[in-house]
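Please read the structure below before turning to the comments.
The values are calculated or read from the model by the stated rules, or taken from the named source; none is laboratory data. Values in this document were obtained by computation on a predicted structure and should not be read as measured data. Reconstructed Cβ throughout: ideal geometry from the backbone, glycine too, with neighbour counts over all protein chains shown.
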């Protein structure tokens, strides 16, 4: 039984890693400048990890991005807390984005609404091409 449990945990981690690699490849393929795997300390003193930071440009502010392979309530709650905790430590007009993997199932409207309530822009993977203007500018 322990071996089966280990296989499940490994499989889940592998799928998450694969989605992160897909997002990275997408950004690379479209020449989006970014820094991967960035950590910021929030007001709480907790360190929060983001998958990508896209630096500001003339036209756009800094963009902070997290790839969420399984957009559940828990995953979104974690991002909301991270963003709320670190937002004041970033430049005033920084924006947060969440790439939501919707290849197996669409994220619930509650998940999308929660992100929007905290000014985190939800980007679904199936519609990733629509996000290029916001990410590459």
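Would you be able to say whether some residue in the range 24-32 is within 23 Å of residue 116 (Cα to Cα), surrounded by fewer than 15 Cβ atoms within 10 Å (Cβ to Cβ) and modelled with pLDDT of 95 or more? No, the range 24-32 contains no residue that is within 23 Å of residue 116 (Cα to Cα), surrounded by fewer than 15 Cβ atoms within 10 Å (Cβ to Cβ) and modelled with pLDDT of 95 or more.
Of the numbered criteria (1) more than 22 Å from residue 25 (Cβ to Cβ); (2) modelled with pLDDT of 95 or more, the one residue 65 fails is (1). Just wondering, is there one or more residues in the range 89-99 that are exposed (fewer than 13 other Cβ atoms within 10 Å of the Cβ) and closer than 23 Å to residue 21 by Cα? Checking the range 89-99: not a single residue is exposed (fewer than 13 other Cβ atoms within 10 Å of the Cβ) and closer than 23 Å to residue 21 by Cα.
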